[in-house]
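Take a look at the structure set out below.
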Amino acid sequence: MQSGFAHCSAISHPGLVRDRNEDAIAVSATSQFPLTRWSGSLPLHGGWAMVADGIGGNAAGNVASRLALELLRPALPLLTDRKTIEQGLAAVNDALFDAMDHRPSLKGKGTTIAGVVLQK
């Protein structure tokens with residue numbers, strides 16, 4: 001580990017059952033999005049990484065994972081404690097349900113999210 005930075009890697013895979021990878025990765029070190037693999041350095045203060053795992057077999061899990069990260073990315077530097085993280089995730093959840101209301105083809109979509117914000 002370099003001073004002030006953590007070397008990190010991320011990779012996703014469709015698994016053994018699905019043909020399509022429904023996962024999405026986002027990291028603060030690049031504007032490329034969505035990613036299915038990444039390796040590089042993140043700053044120990046303010047760096048972040050997230051993975052959204054589209055729920056396999058559900059309608060549009062790939063849409064849900066990407067949309068969830070798209071919505072969280074701009075807010076992530078502001079999510080610094082449990083309360084703001086819960087509020088951010090609740091807002092994303094509401095937005096996913098709104099999207100389903102406006103596009104019936106997305107009914108049943110789902111995703112899980114895991115992430116980290118580094119604070120030195």
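Read-outs: derived from the displayed coordinates by stated rules, not from any lab. Bear in mind the structure is a predicted one, so any value in this text is a computation, not a measurement. FYI the Cβ positions are ideal-geometry reconstructions off the backbone, even for glycines, and counts take in every protein chain you see.
Against the empirical 2.2 N^0.38 Å (N residues), the stretch 1-66 has a Cα radius of gyration ratio of 1.25. Near the amide H of F5, within less than 5 Å, lie the amide hydrogens of L44, all on another chain or at least 5 residues away, with H placed in the peptide plane. Legend: ranking of residues V117, V51, V17 from fewest to most surrounding C-beta atoms inside 10 Å; resulting order V17, V117, V51.
Over the chain, dividing the summed -39,500 (n - 2.57) contributions of all DSSP H runs of at least 4 residues by the number of residues returns a 222 nm mean residue ellipticity of -9000 deg cm²/dmol. The angle between the Cα long axis of helix 82-102 and the longest principal axis of the Cα atoms of the chain comes to about 30 degrees, rounded to the nearest 10. According to the square roots a ≥ b ≥ c of the eigenvalues of the Cα gyration tensor, what is the shape class of the chain, taking rounded for a/c under 1.5, prolate for a/b larger than b/c otherwise, and oblate for the remainder? Oblate is the answer for the chain, as a/c is 1.5 or above yet b/c matches or exceeds a/b.
Counting every other Cβ atom within 10 Å of each residue's Cβ, L79, L44 order from fewest to most as L44, L79. Using a Gaussian network model of the chain in which every pair of alpha carbons under 10 angstrom is joined by a spring, one finds that among S65, S41, S31 the greatest mean-square fluctuation is at S31.
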